[in-house]
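The values are calculated or read from the model by the stated rules, or taken from the named source; none is laboratory data. These numbers were taken from a predicted model, which means no experiment stands behind them. With ideal geometry, Cβ positions are generated from the backbone for all residues, glycine too; neighbour counts draw on all protein chains shown. Just so you know, the surface numbers come from the protein's heavy atoms only, side chains and all, with ligands and any DNA or RNA stripped out. Shrake-Rupley method; radii C 1.70, N 1.55, O 1.52, S 1.80 Å.
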Amino acid sequence: MDDPRGQSRTPALSDDTIISVISTEYFLKPVELTVVVPTFNERENVPVLLDKLESALAGIEWEVIYVDDQSPDGTSDVVRYIARSNRRVRSIERIGRRGLSSACIEGIMASAAPYIAVMDADLQHDEKILPELFRKASVERLDVVIASRRLHGGSMGDFAKERVKLSDMGTKLSRIICRCEVTDPMSGFFVVDGVFFRALVPRLTGSGFKILVDLLASSPTIPRIGEVPYRFRNRQLGESKLDVNVEVEYLFLIVDKLIGKWVPTRFVLFMLVGALGVVVHLAVLAPLYLNHRHHFPQAQVIATLVAMTFNFLLNNVVTFRDRKLKGSRLATGLMKFYLACSFGALINVAFANTLMKQGIPWYLAGASGTSISSVWNYAVNTVITWRRSRG
């Protein structure tokens, strides 16, 4: 694969375009650094962070792009209000799309600056080291410069022991897919070369919360990396977004980087859920049939319905977590799931009953009937039950 660093930093321009650019430079200095800040319900932190950036980045031509996922608290409204009188501030409000990594990607791609910083809006990242990150990247011509909590002089702050352990585990898992050694691959605070990043965009998974791991794992060559220590701060305003979905999304990223070239990651998760469903299916089938409470066909029908319900609920929070159904849509989705799987269930029962009559053991017959409908269930439910929302 071509080394993304081999690309020219300046695209070819026509004479008219060059004249236009030179004329514009009499009035505006080119932006040296864009700070991309993904947000969701960070209304209170937006002006506070902006004040801190104004102070920290004095002497640097910079801008900030807040990328908001349609926050219910009106975060984008605050950003737009500030942007009316502050040309350093830009707003991207995404409709129908969620996710920190994808928000960062859209923000970075909206920048024309040679270097882009990524940081959180919750004030836990120390904005005072941004100049050092920027200068290290530009002077040493590095692809990525990471703000590390694990270098000497850095700190995890007042992280709970459980979160430190999760971070340690994530760091170890990242070594499976990353081709480089860094002290803090789980960091969400870094500066990246714009040309380097744009070359890698087609390779990025773009899901979850760990854009840096995605970036490092996607590079076909070993990136030129620098690190700067910093002390992680406590959140003062707003609520933390850390929940079980962060861990699920990270596992999704790991799986995608390992086998995503050959098999869709969502399908792998769907099959893993289906495997657990087989266990549930057999756990229900066994007492119903072996205790002679039901004939095999009736026992198989009951076990199938229970396994289908289990699969729906688990797929809703894991496989299709980015399209998660809630409230009344959960009940409607379950009905759609039943309907979509009905054909597969008929094949399931008929096939398993046929095997049973041919002398195949009950557990093999039951598992075979369930497995044969898995591909059908995935394809149909992706389109019908968890279809991507347009509004």
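For this structure, a couple of remarks:
- Residue in the stretch 39-49 that is of a type in the set (S, T, N, Q), at pLDDT 80 or above, under 25 Å from the mean Cα position of the chain (by Cα) and in a loop (DSSP other than H, G, I, E, B) present: yes
- Matching entry among V118, V67, V79 (being surrounded by 21 or more Cβ atoms within 10 Å (Cβ to Cβ), under 14 Å from L130 (Cβ atoms) and in contact with a strand residue (DSSP E or B) (Cβ under 7 Å, 6 or more places away or on another chain)): V118
- Which listed residue is within 17 Å of N315 (Cα to Cα), of a type in the set (V, I, T) and part of a loop (DSSP other than H, G, I, E, B), from T370, T385: T385
- Residues satisfying the stated conditions in the stretch 135-153, i.e. open to solvent by less than 20 Å² (accessible area, probe 1.4 Å) and either within 14 Å of L33 (Cα to Cα) or touching a Pro at 6+ places or on another chain (Cβ under 7 Å) (or both): A137, D143, V144, V145, S148
- Unmet criterion (only one of (1) more than 29 Å from the chain's Cα centre (by Cα); (2) open to solvent by 70 Å² or more (accessible area, probe 1.4 Å)) for V383: (1)
- Count of residues meeting criterion [open to solvent by 10 Å² or more (accessible area, probe 1.4 Å) and not in a helix (DSSP H, G or I)] in the stretch 206-222: 7
- Scanning the stretch 180-205 for residues that are in contact with an Asp or Glu (Cβ under 7 Å, 6 or more places away or on another chain), open to solvent by 10 Å² or more (accessible area, probe 1.4 Å) and either in a helix (DSSP H, G or I) or under 20 Å from K261 (Cβ atoms) (or both) gives L204, T205.
- Filter result for A275 (under 25 Å from the mean Cα position of the chain (by Cα), open to solvent by 30 Å² or more (accessible area, probe 1.4 Å) and modelled with pLDDT of 70 or more): yes
For (1) of a type in the set (A, V, I, L, M, F, W, C); (2) more than 22 Å from S218 (Cα to Cα); (3) at pLDDT 95 or above, each residue gets a yes or a no:
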site: I116; (1), (2), (3): yes, no, yes
site: M119; (1), (2), (3): yes, no, no
site: D122; (1), (2), (3): no, yes, no
site: H125; (1), (2), (3): no, yes, no
site: I129; (1), (2), (3): yes, yes, no
site: L133; (1), (2), (3): yes, no, yes
site: K136; (1), (2), (3): no, yes, yes
site: I146; (1), (2), (3): yes, no, no
site: R149; (1), (2), (3): no, yes, no
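- Screening the stretch 350-363 for residues that are touching a residue at least 40 places away in the same chain (Cβ under 8 Å) and surrounded by fewer than 21 Cβ atoms within 10 Å (Cβ to Cβ) and picking the one that is farthest from L290 (Cα to Cα) gives N353.
- So G107, is it in contact with a Ser or Thr (Cβ under 9 Å, 6 or more places away or on another chain), at positive phi and open to solvent by less than 40 Å² (accessible area, probe 1.4 Å): no
- Qualifying residue in the stretch 330-341 (condition: surrounded by 18 or more Cβ atoms within 10 Å (Cβ to Cβ), of a type in the set (G, A, S) and either part of a loop (DSSP other than H, G, I, E, B) or over 35 Å from the mean Cα position of the chain (by Cα) (or both)): no
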